[in-house]
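Presented below is the structure to which this report refers.
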Amino acid sequence: LALVLAAGLGATFANKALAPRGPKALAASLLTTLLLTTGGGALATTLLYRADLAQHLTARGADVQSTRDAAAQVGLHPERLHALLNRADRHVTGAAGYLAPPDALAATPDPGPLAASRLAAGRSSIIWIAGLILMAILMLLHKKMAEISLELRDKPHAYLYVAPSLLGMLVLVFIPFAFGVGLSAFDNDARRYYFVGLDNFIEIFTGSRAGDVSFYWTLFVTVLWTALNITLHVGVGLGLALILKRPTLRFKRLYRVLLIIPWAVPNYITALIWKGMFNKEFGAVNLFIEKTQLLLGFEPSRIDWLGGGFLTAFTANLVTNTWLGFPFMMVVSLGALQSIPQELYEAAEVDGASRWQQLRLITLPLLKPALFPAIILGTIWTFNMFNIIYLVSGGGPNNSTEILITDAYRAFDVLGRYGFAAAYSVVIFGILLLYTLITNRITQATEGALE
């Protein structure tokens, strides 16, 4: 926060001093201010971390010497002691090297300031790399920042109106996001946090957590979950919108109210209702299947929707989220359909166009400006749809229906690994950011909003 404040003050003075000289001089001043604050912050952080790590290693050296002395007094062999502490790390603390670090029984227990400075230099290099990446990002954005600074001087009231929203975004979004990114470079056990750099990310991508489902399987399930849901949401929503748009349809207002109810009800309530409906013993879904089988002359059987396997549990999640998501696409599609001039369809009928040709050549192209942003937004919502997975299937059986966001929560809540969960969240953010940039570039869905 201090660095941000310093950058803001520097930008303010640069705006007053260099604005008459043109945007290039102002951009250069802003960039210089931000680079200096970033570099100073990285340097200060590195120095503080080196001092703290040297103190920590000195204390650890004394503890190692005390451990060796105690083992010698009771006649315990050092290698046996090391093996016992390693087992305790694996089964109790969950942090390799906490009770039994690799140099715990070394010949020279005290690492001294030279070893501490070497280790600190290796770890602090990550901080410098992060600072260089931030500087590169600032260099790419310096023109936009210069434009904003000039507009702030010319239109202060406009920015004053949005200041409360910006403050809320800063407190509720940007500061927690920055804290999460910083936390992703640490791991923890029951007693302390310790710096691990990129180890959490390496562990995510290499799948080195014993007994866990692979990250790539979870990513596949997440992509499959998102693609199927968005396809069903758009298909069902657009189909219902086309039906509700028909001028000869009676009770259209009643149908609109009824069809918007699934979206109006809080999704966790809907998830719990559907979970009860998919219950093996008393659920309405199995009851309906049994009655249908009896009517068709088959032997009735019950399906274990939530515990039978991946396919049944995934289907239960998919049906629940489809019920929740199609009203949003229906409302967006209906609003866009009502804005299409009726004269276009009349002219197409005169030219002999069929209904399919009218849909393909008139309706769908004119729905693009409204439907594509809704699809992008719905994709992000579905990609992070935590409530349905957590409340309906619970990620089971055997974590096979977990998606990325629920797996990150499991690392946080069940495993108690807060830094690993933060790294997982950063990976999810990166995937969604990449998806948004690619889709915006291909579809130009937000082109009008950015002009």
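The values are calculated or read from the model by the stated rules, or taken from the named source; none is laboratory data. Bear in mind the structure is a predicted one, so any value in this text is a computation, not a measurement. Note that each Cβ is placed from the backbone with ideal geometry, even for glycine, and that neighbours are counted across all protein chains shown. Please note that ligands, DNA and RNA were not included when accessible areas were found on the heavy atoms of the full protein model with its side chains. Shrake-Rupley method; radii C 1.70, N 1.55, O 1.52, S 1.80 Å.
Please pick out the residue among LYS291, LYS275 that is farther than 30 Å from ALA336 by Cβ, in a helix (DSSP H, G or I), without any contact (Cβ under 8 Å) to a residue 12 or more places away in the chain and among the basic types (Lys, Arg).
On the way: LYS275 fails: without any contact (Cβ under 8 Å) to a residue 12 or more places away in the chain.
Result of the check over LYS291, LYS275: LYS291.
Mind checking which residues of the range 222-261 are among the charged types (D, E, K, R), in contact with a helix residue (DSSP H, G or I) (Cβ under 8 Å, 6 or more places away or on another chain) and assigned to a helix (DSSP H, G or I)? Before the answer, list the steps.
We begin by selecting, within the range 222-261, every residue among the charged types (D, E, K, R); these are 245-246, 250, 252-253, 256.
When the remaining residues are screened for being in contact with a helix residue (DSSP H, G or I) (Cβ under 8 Å, 6 or more places away or on another chain), the result is 245, 252, 256.
LYS252, ARG256 - these are the residues of the range 222-261 that are among the charged types (D, E, K, R), in contact with a helix residue (DSSP H, G or I) (Cβ under 8 Å, 6 or more places away or on another chain) and assigned to a helix (DSSP H, G or I).
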- [ ] Report yes if ALA185 is closer than 19 Å to PHE429 by Cβ and modelled with pLDDT under 75, otherwise no.
- [x] no
Open item on the list: If ALA316 meets every condition in (1) in contact with a helix residue (DSSP H, G or I) (Cβ under 8 Å, 6 or more places away or on another chain); (2) not in a helix (DSSP H, G or I); (3) not charged (D, E, K, R) apart from one, which number is that one?
Closed with: (2)
- [ ] Residues being open to solvent by 30 Å² or more (accessible area, probe 1.4 Å), in a helix (DSSP H, G or I) and farther than 30 Å from THR382 by Cβ: count how many of those fall in the range 328-354.
- [x] 7
- [ ] Look through LEU254, LEU259, LEU306 and report the one residue that is among the aliphatic types (A, V, I, L, M) and open to solvent by 80 Å² or more (accessible area, probe 1.4 Å).
- [x] LEU254
Open item on the list: I'd like to verify a number: residues in the range 397-420 that are of a type in the set (A, V, I, L, M) and open to solvent by less than 10 Å² (accessible area, probe 1.4 Å), how many?
Closed with: 4
Task: Spans of helices (runs of 4 or more DSSP H) in the range 396-451 with at least 2 residues at pLDDT 90 or above, closer than 27 Å to ASP304 by Cα and touching a helix residue (DSSP H, G or I) at 6+ places or on another chain (Cβ under 9 Å) - done: 404-413
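For the structure I just gave you, tell me whether LYS368 is in a helix (DSSP H, G or I), open to solvent by 80 Å² or more (accessible area, probe 1.4 Å) and farther than 29 Å from LYS252 by Cβ. Walk me through it before giving the result.
Numbers: in a helix (DSSP H, G or I): yes; open to solvent by 80 Å² or more (accessible area, probe 1.4 Å): yes; farther than 29 Å from LYS252 by Cβ: no.
It is false that LYS368 is in a helix (DSSP H, G or I), open to solvent by 80 Å² or more (accessible area, probe 1.4 Å) and farther than 29 Å from LYS252 by Cβ.
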